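Structure record follows, encoded as structure tokens.
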Amino acid sequence: MHELTLTQSLVDRVADATAGRRVSAVHVRVGLLSGVVPEAMEFCFDVVTSGGPLDGAALLVERVPGRISCRTCGAESATEDLLLVCGCGSADVAIVAGQELTLTRVELVRETSCA
Ligand SMILES: [Zn+2]
């Protein structure tokens, strides 16, 4: 399950960047052709953050649909399937979008201060 390793390094990165401030939410963009299962990542996030500096934070995954471009007929089409085949039957396709795994935003809890 590589989502666990991936989520662990994401959480480490966010914890480093926020340096002890409380995080309420972490936004990521996950391409549906990246091989990462968003649901698995959400599950791992709860496990990984439990008891750590990001405890209680939410992981918000934006799913990016896949797009392929066919080298045989030139058509571009959307796909959610990891088996990439164009409508014309050709498997000679290039991935245009859907392989990303990007951290897009970190929301911090607003600390109330008496100053
Ligand atoms: Zn084609």
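The values are calculated or read from the model by the stated rules, or taken from the named source; none is laboratory data. Note that the coordinates shown come from a computational prediction; the quantities given were computed from them, not determined experimentally. Note that we place each Cβ from the backbone using ideal geometry, even for glycine, and neighbour counts take in every protein chain shown. Just so you know, the surface numbers come from the protein's heavy atoms only, side chains and all, with ligands and any DNA or RNA stripped out. Shrake-Rupley method; radii C 1.70, N 1.55, O 1.52, S 1.80 Å.
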Members of segment 86-102 found to be open to solvent by 50 Å² or more (accessible area, probe 1.4 Å) and under 27 Å from THR5 (Cα atoms), listed by number:
ILE95, VAL96, GLN99, GLU100, LEU101, THR102
Any chance GLY74 is touching a Ser or Thr at 6+ places or on another chain (Cβ under 9 Å) and loosely packed, with under 13 Cβ neighbours inside 10 Å:
no
